[in-house]
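Chemist: Let me begin by handing over the structure; questions about it come next.
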Amino acid sequence: MSTSVVEVNLDGLVGPSHHYAGLAFGNEASLKHRAMPSSPRHAAIQGLEKAWQVARMGIPQAVLPPQNRPRLDWLAELGFVGPPSVVLSRVSQEAPQLLSAAYSASPMWCANAGTVSPSTDTSDRKVHVTPANLNHGLHRSLESEETLKLFRAIFPSSHFEIHLPLPIGRNLQDEGAANHTRLAPTQSKPGIHLFVYGVDSLSPEHAAPEKFPPRQTRLASEAIIRRHGLDPAHCVVAQQHPDAVDAGVFHHDVIGVGHEDFMLIHGHALMHQDAVLEELQKKYTKVHRSKLELVILEPHELSLTDAVSSYLFNSQILTEASGRRTMICPSESESNPAAARCLNRLVESSSRVESVRYLNLRESMNNGGGPACLRLRAPLSRGERNAVHSGVWLTESRYNTLRSIIESMYREQITFEDLKDLDFLAECSQARKAILHALELDDLELDDLELDGLKD
């Protein structure tokens with residue numbers, strides 16, 4: 001088995017239509033900032049800077065383009081037809097939430113783009129990728145078709161098996177890698193997989209949240225295990241604690257994070273947590289003849305409220321090229337006293353995390369997405385990395401090009417009123433076209449609106 005397997009990070013570039021629509025029920029930050037002015041330019045620069053920092057650590061870093069927005073084709077399917085100016089005006093008056101959904105920049109949160117299983121773990125020794133269907137949320141359900149096209153474009157070789165999203169249905173809601181953690185001593189070793197779900201719709205007797213709806217289903221997680229050819233003996237399937245969901249933990253990556261042989265989790269993250277962690281440790285030890293370092297932050301150390309507001313667990317733990325392990329946290333974790341104390345103790349006591357870096361991701365955080373939300377992890381061998389579409393790798397030249405596009409083509413500030421503006425629609429299309437060209441993905445523009453067609 002290759003020793004060249006390393007963890008690749010694929011970050012979604014924030015789109016020019018980034019705004020605060022409050023469409024994600026159960027996401028406290030999204031609801032809190034609904035209808036406030038947003039800054040697409042700052043959002044995109046903050047996300048790009050994070051990705052560039054990771055690349056400068058010597059970690060393979062890729063960037064994925066924003067999707068085509070607004071989705072006028074989708075609005076037409078809902079009965080809003082006519083010239084774009086008429087459609088925008090009518091939707092804004094009759095169904096403003098649909099206009100927000102059609103413009104949503106939510107594909108920026110690549111942790112929800114899909115689930116990746118490395119070739120080290122699959123029965124056919126291919127990398128398996130399943131785009132998430134995201135059918136829990138109206139605005140996010142628009143993503144899967146274009147995500148599938150993107151994955152097929154950037155993973156074109158025989159090394160990769162790109163699956164269709166799971167069928168649409170409330171029993172098969174799939175939110176991607178935000179509810180999946182892979183653990184192994186190194187990326188080249190076989191992984192032990194933790195899949196977390198919010199609801200088992202076929203077992204209504206199971207405990208369920210009362211305030212907010214769960215998103216991931218057990219059936220979806222189990223389907224991913226089967227279709228990716230993962231060994232069930234290397235997988236643990238666990239339920240989110242309903243109290244955590246009701247506190248705003250809409251995905252597991254808001255309450256737990258793992259990397260290689262280390263896992264940090266809140267004491268109130270899972271149902272039957274002691275038994276789940278015991279099973280995880282047992283399976284890990286059996287395969288690797290060593291133990292995971294499991295660090296549990298109990299509620300008296302960090303309340304659920306502080307966990308959600310600080311997004312401490314929605315951090316990236318990275319192994320730098322030097323071998324040093326660093327944790328990238330949002331600046332909100334530093335400004336939250338309880339979270340900061342926990343992170344300081346972690347660095348002092350853990351042999352697995354040596355330093356913490358705090359980054360400003362305020363625009364994404366205001367919509368409920370921290371560092372981990374913005375990236376999809378993919379452990380890939382050298383040959384697999386070489387097969388990835390070369391245009392998405394974040395080099396210094398590409399970083400400078402993308403930053404220039406953002407600074408010149410993204411608006412400093414937008415509100416809902418801007419979504420009605422035909423000029424803004426054209427700006428979004430032009431910016432995306434420039435980004436696709438920078439990433440050498442011009443073919444993905446074929447389904448986009450032609451600018452000439454935007455004229456009444």
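The values are calculated or read from the model by the stated rules, or taken from the named source; none is laboratory data. Model, not experiment: these values are computed from the prediction. Note: ideal-geometry Cβ built from the backbone for every residue, glycine included; neighbour counts use all protein chains shown.
Chemist: Hey, can you tell me all the residues within the stretch 163-175 that are more than 15 Å from Val127 (Cα to Cα), under 19 Å from the mean Cα position of the chain (by Cα) and of a type outside the set (S, T, N, Q)?
Modeler: Passing the criteria: Pro165, Leu166, Leu172, Asp174, Glu175.
Chemist: Name the residues in the stretch 253-272 that are of a type outside the set (D, E, K, R), in contact with a strand residue (DSSP E or B) (Cβ under 8 Å, 6 or more places away or on another chain) and farther than 15 Å from Gln316 by Cβ, would you?
Modeler: Hits for the stretch 253-272 are Ile255, Ile265, His266, Gly267, Ala269, Leu270, Met271, His272.
Chemist: Against the definition (surrounded by 19 or more Cβ atoms within 10 Å (Cβ to Cβ) and aromatic (Phe, Trp, Tyr)), how does Tyr358 come out, yes or no?
Modeler: no
Chemist: Output yes when any residue across the stretch 20-32 is at pLDDT 95 or above and among the hydroxyl-bearing types (Ser, Thr, Tyr), and no when none is.
Modeler: Checked the stretch 20-32: no residue is at pLDDT 95 or above and among the hydroxyl-bearing types (Ser, Thr, Tyr).
Chemist: Next up: Search the stretch 228-251 for residues that are closer than 15 Å to Ile265 by Cα and pair each with any residue that is part of a helix (DSSP H, G or I) and among the small types (Gly, Ala, Ser) when their beta-carbon atoms are under 8 Å apart and the residues are at least 6 apart or on different chains.
Modeler: As it stands, the answer is Val249/Ala307; His251/Ala111; His251/Ala178, since those pairs meet every condition given.
Chemist: Looking at (1) within 30 Å of Arg56 (Cα to Cα); (2) in contact (Cβ under 8 Å) with a residue 60 or more places away in the chain; (3) not small (Gly, Ala, Ser), which one does Leu304 not meet, given that it meets all the others?
Modeler: Only one criterion in (1) within 30 Å of Arg56 (Cα to Cα); (2) in contact (Cβ under 8 Å) with a residue 60 or more places away in the chain; (3) not small (Gly, Ala, Ser) is unmet by Leu304, namely (1).
Chemist: Here is a follow-up. Hey, among the residues in the stretch 199-247 that are within 21 Å of the chain's Cα centre (by Cα) and of a type in the set (S, T, N, Q), which one's surrounded by the fewest Cβ atoms within 10 Å (Cβ to Cβ)?
Modeler: By that ranking, first place goes to Gln239.
Chemist: Examine the stretch 175-182 for a residue that is charged (D, E, K, R), within 28 Å of Gln281 (Cα to Cα) and touching a residue at least 12 places away in the same chain (Cβ under 8 Å), and state whether such a residue exists.
Modeler: Scanning the stretch 175-182 turns up at least one residue that is charged (D, E, K, R), within 28 Å of Gln281 (Cα to Cα) and touching a residue at least 12 places away in the same chain (Cβ under 8 Å).
Chemist: Condition (residue is surrounded by fewer than 21 Cβ atoms within 10 Å (Cβ to Cβ) and hydrophobic (A, V, I, L, M, F, W, C)) applied to the stretch 252-259: is it met by at least one residue?
Modeler: no
Chemist: Only one of (1) in a loop (DSSP other than H, G, I, E, B); (2) farther than 23 Å from His136 by Cβ is not met by Ala55, so which one is it?
Modeler: (1)
Chemist: With the condition being under 24 Å from Ser364 (Cβ atoms) and either of a type in the set (Ser, Thr, Tyr) or within 15 Å of the chain's Cα centre (by Cα) (or both), I'd like the helices (runs of 4 or more DSSP H) fully within the stretch 82-162 carrying at least 1 qualifying residues.
Modeler: So the answer is 96-103, 144-154.
Chemist: Between a residue in the stretch 140-161 that is farther than 16 Å from Arg69 by Cα and any residue that is modelled with pLDDT under 95, which pairs come within a Cβ distance under 9 Å, given they are 6 or more apart or on different chains?
Modeler: Pairs found: Ala153/Asp443; Ala153/Leu444.
Chemist: A follow-up question, please. Considering only residues that are surrounded by 13 or more Cβ atoms within 10 Å (Cβ to Cβ) and in contact with a Pro (Cβ under 9 Å, 6 or more places away or on another chain), look in the stretch 285-304 and name the one that is nearest to Ser349 (Cα to Cα).
Modeler: Ranking the qualifying residues of the stretch 285-304, first place goes to His288.
Chemist: Now for a different question. How many of the residues making up the stretch 277-297 are without any contact (Cβ under 8 Å) to a residue 60 or more places away in the chain and touching a strand residue (DSSP E or B) at 6+ places or on another chain (Cβ under 8 Å)?
Modeler: Matching residues across the stretch 277-297 total 8.
Chemist: Right, next: Given the conditions (1) touching a His at 6+ places or on another chain (Cβ under 6 Å); (2) more than 15 Å from Arg41 (Cα to Cα), report the number of the one that Ile414 does not fulfil.
Modeler: (2)
Chemist: Another one. Please go through the stretch 395-421 and give me each residue that is under 13 Å from Leu99 (Cα atoms), surrounded by 15 or more Cβ atoms within 10 Å (Cβ to Cβ) and not acidic (Asp, Glu), ordered by number.
Modeler: Answer for the stretch 395-421, where residues must be under 13 Å from Leu99 (Cα atoms), surrounded by 15 or more Cβ atoms within 10 Å (Cβ to Cβ) and not acidic (Asp, Glu): Phe416, Leu419, Lys420.
Chemist: Quick check: anything in the stretch 368-390 in contact with a Lys or Arg (Cβ under 7 Å, 6 or more places away or on another chain), at pLDDT 95 or above, assigned to a helix (DSSP H, G or I) and not small (Gly, Ala, Ser)?
Modeler: No; the residues of the stretch 368-390 include none that is in contact with a Lys or Arg (Cβ under 7 Å, 6 or more places away or on another chain), at pLDDT 95 or above, assigned to a helix (DSSP H, G or I) and not small (Gly, Ala, Ser).
Chemist: If you go through the stretch 58-99, how many residues are touching an Asp or Glu at 6+ places or on another chain (Cβ under 8 Å) and among the small types (Gly, Ala, Ser)?
Modeler: 3
Residues are listed down the side, and each one gets a yes or a no for (1) part of a loop (DSSP other than H, G, I, E, B); (2) under 17 Å from Cys110 (Cα atoms):
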residue: Asn171; (1), (2): no, no
residue: Leu194; (1), (2): no, no
residue: Lys211; (1), (2): yes, no
residue: Arg215; (1), (2): yes, yes
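Chemist: I need a count of the residues in the stretch 303-318 that are at negative phi and touching a Ser or Thr at 6+ places or on another chain (Cβ under 8 Å).
Modeler: So the answer is 5.
Chemist: Next question. Sort through Glu384, Glu396, Glu363 and tell me the only one that's free of Cβ contacts under 8 Å to residues at least 60 places away in the same chain and out of contact with any Gly (no Cβ under 6 Å at 6 or more places or on another chain).
Modeler: That would be Glu396, the only listed residue that is free of Cβ contacts under 8 Å to residues at least 60 places away in the same chain and out of contact with any Gly (no Cβ under 6 Å at 6 or more places or on another chain).
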